[in-house]
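The values are calculated or read from the model by the stated rules, or taken from the named source; none is laboratory data. What you see is a predicted model, and the numbers here were worked out from it, not measured in a lab. FYI the Cβ positions are ideal-geometry reconstructions off the backbone, even for glycines, and counts take in every protein chain you see.
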Amino acid sequence: MSSSPRAGLRLMHVHAHPDDESSKGAATTAKYVAEGVDVHVVTCTGGERGSVLNPQMDRPEVWENIAEVRRAEMDAARDILGVTQDWLGFVDSGWPDGDPKPPLPEGCFGLVSAEEGARPLIRLIREFRPHVMTTYDENGGYPHPDHIQCHVVSMFAFEKAADPEYAPELGEPWQVLKIYYHHGFNRPRTVAIVEAMRAAGLESPWEERLAKWKEDPAHDARITTRVPCGEYFPVRDQALLAHATQIDPDGHWFAVPLDIQQKVWPTEDYELVVSHVPSSTPEDDLFAGIAVPAERMES
Ligand SMILES: [Zn+2]
């Protein structure tokens, strides 16, 4: 067997903003890339309305060129993760601040129809021909309008890309075999990490959040798939740091020591939503039930 036992397999992650590919499922990505899987990241928006969350980057020249800066950050993260990447080209909706929430800005991603949003994604699916896709759940993972829209558009594209009658001008139909939702920020993981931090006598950044986070066993039970990827957490962290405007190196992302994360929760977690191959859950591999394509094994 070659050092790339899974060459020929393809994984597509659909994300809302540049940095989401590094904060959700990035260690899984690094693991599959190391095994020879081609991983393609699709970024729906340019992140133009994101804030600068790192005090060190909160400078006028960064704000003036935020779209370009975020593009360069994405390029760096892409290279660290070893993926290819495309932009869908939609405009960030921004986080609607206020009570009641203000209307979304005209022309933003959150306001496009599922059909309009899915068109460029269907084209990319039919070109890249992924065996597996990931996206967010119906709540967006967290309720940013672009994350919810990412879910809507991904599910629409997943279905329509396989339909030979649908938009033939976007390419030959392609059936993605499995689609997953990210559930990396689940409550049981947070509990485990907070408890391990307490046991180690460390202050946890999640105490307050956990105190407000109601138990929801039905939601926790949606996790079907835990991908062991602890040894790739350092790659995830490097990719996150590449998004310098979005990630404060002294902030909560890096407050939990790596060895604690690797010890208490060495997986990234997913929900298998649709499978067109026989597979049984729980599972520990996004490609469970999918054979390495024969055409690539010969070469
Ligand atoms: Zn996002």
Exercise for the section: Just name the residue that is farthest from residue 245 (Cα to Cα) out of those in the range 4-46 that are in a strand (DSSP E or B) and within 12 Å of the ligand (Cβ to nearest atom). Expected result: 14
Exercise for the section: Within the range 272-285, identify whether any single residue is part of a loop (DSSP other than H, G, I, E, B), more than 19 Å from the chain's Cα centre (by Cα), among the β-branched types (Val, Ile, Thr) and surrounded by fewer than 16 Cβ atoms within 10 Å (Cβ to Cβ), and answer yes or no. Expected result: yes
Problem - Counted residues, the range 205-254 - those being over 16 Å from the mean Cα position of the chain (by Cα), under 21 Å from residue 283 (Cβ atoms) and β-branched (Val, Ile, Thr) - result: 1
Completion exercise
Out of (1) buried (at least 17 other Cβ atoms within 10 Å of the Cβ); (2) over 25 Å from residue 223 (Cα atoms); (3) out of contact with any helix residue (DSSP H, G or I) (no Cβ under 8 Å at 6 or more places or on another chain), the one residue 55 does not meet is (1)
Fill in the blank from the handout: Checked against (1) under 21 Å from residue 245 (Cβ atoms); (2) β-branched (Val, Ile, Thr); (3) away from the ligand (no atom under 16 Å from the Cβ), residue 112 satisfies every condition except (1)
Exercise for the section: Among the numbered conditions (1) in a helix (DSSP H, G or I); (2) closer than 28 Å to residue 179 by Cβ, tell me where residue 197 comes up short. Expected result: (2)
Problem - Residue in the range 243-252 that is of a type in the set (A, V, I, L, M, F, W, C) and either surrounded by fewer than 17 Cβ atoms within 10 Å (Cβ to Cβ) or in contact with a His (Cβ under 9 Å, 6 or more places away or on another chain) (or both) present - result: no
Problem - Given (1) at pLDDT below 95; (2) of a type in the set (A, V, I, L, M, F, W, C); (3) more than 16 Å from the ligand (Cβ to nearest atom); (4) part of a helix (DSSP H, G or I), index of the condition residue 76 fails - result: (1)
Exercise for the section: Would you check if residue 206 is more than 16 Å from the ligand (Cβ to nearest atom) and modelled with pLDDT under 95? Expected result: yes
Practice task
Inspect the range 47-68 for any residue being more than 16 Å from the ligand (Cβ to nearest atom), free of Cβ contacts under 8 Å to residues at least 24 places away in the same chain, among the hydrophobic types (A, V, I, L, M, F, W, C) and assigned to a helix (DSSP H, G or I) and give the result as yes or no.
Solution key: yes
Completion exercise
Picked from the range 241-299 (must be of a type in the set (Phe, Trp, Tyr) and at pLDDT 95 or above), the residue farthest from residue 205 (Cα to Cα) is 287
Problem - Hits in the range 79-91 (condition: buried (at least 19 other Cβ atoms within 10 Å of the Cβ) and outside any helix (DSSP H, G or I)) - result: 83, 85, 88, 90, 91
Handout entry: Selection within the range 117-136 - among the β-branched types (Val, Ile, Thr) and part of a strand (DSSP E or B)
Key = 132, 134, 135
